[in-house]
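Before any comments, here is the structure.
The values are calculated or read from the model by the stated rules, or taken from the named source; none is laboratory data. The shown structure was predicted, so the numbers you read here are calculated from the model rather than taken from an experiment. FYI the Cβ positions are ideal-geometry reconstructions off the backbone, even for glycines, and counts take in every protein chain you see.
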Amino acid sequence: MSELEFGFQDVLDELDALDKIIGPYCGPRSRTVLPQLITELKSIRDNLAKRAWPWGIRESNPFYTAVSCGEYQPDDQGADNVFAEITSTWTIQRIPPRKKSGKAARFRLTGNASTRVRIYREMPTGRAPAELAMWRAEIGDAFSPGCHFHVQILGEGDEPPFPRSLDIPRLPTLIVTPAAVVEYVVGELFQESWLKHLSSQSANLNRWWPIQRRYLSAVLAWQLKVIEDASGSPWGTLKKAKPDSQLFVASF
């Protein structure tokens with residue numbers, strides 16, 4: 001696998017900034033989810049054990065957005081009141097610092113890298129929410145078919161549509177980290193109000209956007225280079241391409 005590397009501080013800053021930005025768009029029961037993700041990543045960074053660790057938003061404690069009352073359509077004209085449930089699972093390994101006394105600066109992906117989004121319709125009190133949609137934003141490994149950064153629809157059950165036996169399509173994506181998926185989903189559910197909210201969050205937004213810009217620029221630049229260097233089918237070449245492990249940590 002490509003074993004992509006990330007900077008601990010980048011991901012910690014990304015999560016902390018989003019936690020402070022997201023405010024009223026976070027469901028009340030999920031206020032501690034992003035802080036817990038930060039605490040667990042710090043614990044992995046500071047643990048000297050030479051092993052891989054599962055890290056992510058657990059299914060036992062998902063991140064829930066606030067309810068969107070039709071705000072996924074212009075002028076709040078959506079037919080349903082909906083909310084999202086987001087979970088993730090990354091398998092990561094701390095990269096030891098050169099000096100034993102120093103803190104680890106980076107970690108690498110060594111296994112799963114998947115963030116799952118479920119969209120639910122809010123139902124009257126006493127009735128369970130109805131699942132309307134599910135997709136997963138994923139990072140492939142060295143042997144995965146399809147574009148390295150991709151989205152898959154459903155694929156966890158045996159019945160159509162999109163049963164687990166048919167693990168296509170793998171739709172290309174630019175959204176890489178769990179925090180980026182959270183922001184993407186909130187932006188989709190709250191088309192107009194989220195952008196207005198961001199305009200009032202300048203201090204934390206100034207921490208958030210440079211990291212996101214670097215991640216997006218890295219993916220776009222890599223994809224463009226792969227396509228420009230292609231001698232056959234551009235899409236076929238991109239499907240087979242694997243990024244350098246330090247795609248996101250060029251500054252280290």
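Looking only at residues in the stretch 56-103 that are charged (D, E, K, R) and part of a strand (DSSP E or B), which one is farthest from the chain's Cα centre (by Cα)? Walk me through how you get there before you give the answer.
Filtering the stretch 56-103 down to residues charged (D, E, K, R) leaves 58-59, 71, 75-76, 80, 85, 94, 98-100, 103.
Still in the running and part of a strand (DSSP E or B): 85, 94.
Values: Glu85: 13, Arg94: 19 Å.
Only one residue tops the list, namely Arg94.
In this structure, does Leu205 turn out to be farther than 19 Å from Gln73 by Cα, among the aliphatic types (A, V, I, L, M) and not in a helix (DSSP H, G or I)? Break it down stepwise before answering.
Details: farther than 19 Å from Gln73 by Cα: yes; among the aliphatic types (A, V, I, L, M): yes; not in a helix (DSSP H, G or I): no.
Spelling it out, it is not the case that Leu205 is farther than 19 Å from Gln73 by Cα, among the aliphatic types (A, V, I, L, M) and not in a helix (DSSP H, G or I).
Which of (1) over 19 Å from the mean Cα position of the chain (by Cα); (2) modelled with pLDDT of 95 or more does Ser165 not meet, given it meets every other one?
(2)
Right, Arg214: in a helix (DSSP H, G or I), among the basic types (Lys, Arg), touching a Phe, Trp or Tyr at 6+ places or on another chain (Cβ under 9 Å) and surrounded by 14 or more Cβ atoms within 10 Å (Cβ to Cβ) or not? Spell out the reasoning first.
Numbers: in a helix (DSSP H, G or I): yes; among the basic types (Lys, Arg): yes; touching a Phe, Trp or Tyr at 6+ places or on another chain (Cβ under 9 Å): yes; surrounded by 14 or more Cβ atoms within 10 Å (Cβ to Cβ): yes.
Answer is yes for this residue.
Within the stretch 190-210, is even one residue under 14 Å from Phe149 (Cβ atoms), of a type in the set (Ser, Thr, Tyr), surrounded by fewer than 17 Cβ atoms within 10 Å (Cβ to Cβ) and out of contact with any Pro (no Cβ under 9 Å at 6 or more places or on another chain)?
First pass over the stretch 190-210, keeping only residues under 14 Å from Phe149 (Cβ atoms): none.
No: zero hits.
Of all residues in the stretch 86-117, which are basic (Lys, Arg) and surrounded by fewer than 18 Cβ atoms within 10 Å (Cβ to Cβ)? If you could, list the steps in order and put the result at the bottom.
As a first pass, look at the stretch 86-117 and keep what is basic (Lys, Arg): 94, 98-100, 103, 106, 108, 116.
Result: Arg98, Lys99, Lys100, Lys103.
Can you find a residue in the stretch 104-111 that is hydroxyl-bearing (Ser, Thr, Tyr) and in a loop (DSSP other than H, G, I, E, B)? Can you show your working first?
We begin by selecting, within the stretch 104-111, every residue hydroxyl-bearing (Ser, Thr, Tyr); these are 110.
Next cut, in a loop (DSSP other than H, G, I, E, B) only: none.
Checking the stretch 104-111: not a single residue is hydroxyl-bearing (Ser, Thr, Tyr) and in a loop (DSSP other than H, G, I, E, B).
Go through the stretch 40-75 and give me each residue that's surrounded by 14 or more Cβ atoms within 10 Å (Cβ to Cβ), among the charged types (D, E, K, R), in contact (Cβ under 8 Å) with a residue 24 or more places away in the chain and more than 17 Å from Pro97 (Cβ to Cβ).
Hits for the stretch 40-75 are Arg58, Glu71.
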